[in-house]
Amino acid sequence: MSLQDMQKELDSLYRKILNRERLEKEFGDTIEKGQQKGKAIAEVLSAPFILHIDEKYIDAKKKVLYIGRETNIWWGQLHQFMKDTEGSIELLKERYKAEFDGGEVIKGNGKLAHYEKEKFGSSAFFNKYKYTRDNLKDNENSLIWTNLLKMDSGAKGYSKNSIKNEKVQKISKEILQAEIEILKPDAIIFLTATAKNTKAYDDFIKDVFEGYETLELVSGQYWKFQYKNIDCYRTLHPQSHRFRKDITTDYYKKIVDDINNS
C-alpha cells in the first residue's frame, strides 16, 4: 500500500467515526459544558487523536506501533474540533506531524502555535519513544505513535485519564481496531501500566484485542501476548519509573531486543 492510500484510508476512518452527528449523540453533555465559558468545568473532553503517517513507515521492513494511554493537552477541546470536523482533521494531522518535524499549527482556540522538531525535553514518554526508535535494528523498522484512548478527559491538573469514560472507550476501541487493520503492524508496544491504573488499562486492552494469547507475564510490569500474529508487549509507562521506587527492571531493552530478534 502506498503512503497516499494508507493515509486516505485513515482519513476516511476518522471522517466516518468522528462525524458531527455521532459526536453530538455520544458526547452532547460534554460538548455543551465546553461551550459554557467562564464556568468551572470538571471534565471537557479533548479533540480526538489523529495520525499522520510518513514514508518511513511504508518502507519499513518491520512496522511497530508505540501506544500510549491518552493525550495530556494536545490541540484543543472536542467542541472546538466539531466547529469544522473536516478542517479540524487536517489541522490535527498537522499537529501530529509537528511533534516530530516541527512547524506551525492553528490550535483549537484559533491561536497559532510553533513547534520545534523533536523538542522532547524532559518528557519520559517521548524520550523512550526515541530510545525505542533509535535501537530498532539497522533502521529497518519504523515506529508509529498512537494512543489507546483517543480523547483525554480535559480534567484540571496533570492527570487527564479518560479510562473510566465508557463512551470514550467505545469510540476508541472502534478507531484503534480499524487503525491496526490499516497499519498492519508486526509488533505493538503498550506503555500503559501505571502505579494506580494498570488493571483498568489492561482490561481495556483485553477488550480491544479479543482472542489474545499471553506468552509471558511479570505482574504489573511486563506482559507479552500475541494477537492475530502480532507480537504485543505491555510495560510500564515511562513516567512510572519516577514515582515507583519498587521498580528496578526496565523492560524497554528486552522489548526492543525481542522485536529485533523475532
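For the range 100-149, the solvent-accessible area with a 1.4 angstrom probe is 53 square angstrom per residue. The stretch between residue 3 and residue 156 holds 51.3 nm of extra length on full extension. This uses 0.36 nm per residue minus the Cα-Cα distance.
Please report, as a whole percent, how much of the solvent-accessible surface of the chain comes from carbon and sulfur atoms (probe radius 1.4 Å). Each step should come with its number before you reach the end.
Working: 5990 of 13090 Å².
Of the solvent-accessible surface of the chain, carbon and sulfur hold 46 percent.
How much length is gained if the chain between residue 12 and residue 212 is pulled fully straight, taking 0.36 nm per residue apart and subtracting their Cα-Cα distance, in nm to one decimal? Result for the pair: 69.3 nm of gain on full extension.
Remark: for residue pairs 164/228; 56/130; 63/254; 61/254, the C-alpha separation exceeds 22 Å in 164/228. Placing +1 on each Lys and Arg Cβ and -1 on each Asp and Glu Cβ, with no other charges, gives the chain a dipole about its Cα centre of roughly 900 debye. Modelled spin labels at residue 119 and residue 61, positioned 7 Å past Cα toward Cβ, are 3.6 nm from each other.
Annotation for residue 261 and residue 199: the two label points, set 7 Å from Cα along the Cα-Cβ direction, are 3.4 nm apart.
Ranked highest first by average number of other Cβ atoms within 10 Å, how do 80-91, 143-154, 217-228, 106-117 line up?
Values: 80-91: 17.2, 143-154: 23.2, 217-228: 15.7, 106-117: 12.4.
So the order, starting with the most tightly packed, is 143-154, 80-91, 217-228, 106-117.
Placing +1 on each Lys and Arg Cβ and -1 on each Asp and Glu Cβ, with no other charges, gives the range 156-213 a dipole about its Cα centre of roughly 520 debye.
Please give the calculated 222 nm ellipticity per residue for the chain, where each DSSP H segment of at least 4 residues contributes -39500 (n - 2.57) and the sum is spread over every residue; nearest 500 deg cm²/dmol?
-13000 deg cm²/dmol
The values are calculated or read from the model by the stated rules, or taken from the named source; none is laboratory data. If you're wondering where the values come from, they're calculated on a predicted model, not measured in any experiment. FYI the Cβ positions are ideal-geometry reconstructions off the backbone, even for glycines, and counts take in every protein chain you see. Surface areas here come from the heavy atoms of the whole protein model, side chains and all, with no ligands, DNA or RNA. Shrake-Rupley method; radii C 1.70, N 1.55, O 1.52, S 1.80 Å.
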